[in-house]
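Notes for the one structure printed next.
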Amino acid sequence: MWSASRQDGSAVTNFVLVAFPMLAIFVATISITLGSYARLVLLDSTIEGARFAALADQDIASGIAKTRQLVAATLGAGLNVNVAASVLRIGKVESVRFVSTLGIDLIPSSYVLSASSVATRENEY
């Protein structure tokens, strides 16, 4: 049998052994959630920017501006979004390809999120 005096102070030890792993799991969950949200926003903004640039009365520069505007409105204006656009032609079909990258600084390192989208250009009549 254990005596009551041998259990004195064990609550602090148990708290430390449980609290720190739980805190690490909580921080990791929040980081993964925010990273997933940022990537989905970047992907949706890239798709919308490519679709906007593919309209008959728009140009590629307006699609790039639309992509940056959507990311800034959702994630904040302080983030630097790099958007590269190119035009693909196969026969008579012309498409616009957008590739967006977003650098996010996290502790202990930083990583880059990337998203791409292709939209077929409308014909001008």
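The values are calculated or read from the model by the stated rules, or taken from the named source; none is laboratory data. A quick note: this is a predicted structure, and the numbers were derived from the prediction, not measured. Positions of Cβ are backbone-derived with ideal geometry, glycine not excepted, and every protein chain shown enters the neighbour counts.
Summary of computed values
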{"item": "Any chance residue 99 is more than 12 Å from the chain's Cα centre (by Cα), modelled with pLDDT of 90 or more and not polar (S, T, N, Q)", "result": "yes"}
{"item": "Single residue of 46, 33 found to be touching a Phe, Trp or Tyr at 6+ places or on another chain (Cβ under 7 Å) and β-branched (Val, Ile, Thr)", "result": "46"}
{"item": "Filter result for residue 53 (closer than 21 Å to residue 111 by Cα, small (Gly, Ala, Ser), surrounded by 13 or more Cβ atoms within 10 Å (Cβ to Cβ) and touching a residue at least 60 places away in the same chain (Cβ under 8 Å))", "result": "no"}
{"item": "Region 48-81: number of residues that are under 19 Å from residue 114 (Cβ atoms), of a type in the set (Gly, Ala, Ser) and in contact with an Asp or Glu (Cβ under 9 Å, 6 or more places away or on another chain)", "result": "2"}
{"item": "Number of positions in region 23-50 that are touching a residue at least 60 places away in the same chain (Cβ under 8 Å) and loosely packed, with under 14 Cβ neighbours inside 10 Å", "result": "1"}
{"item": "Identity of the residue in region 67-96, among the polar types (S, T, N, Q) and under 20 Å from residue 120 (Cβ atoms), that ends up surrounded by the fewest Cβ atoms within 10 Å (Cβ to Cβ)", "result": "86"}
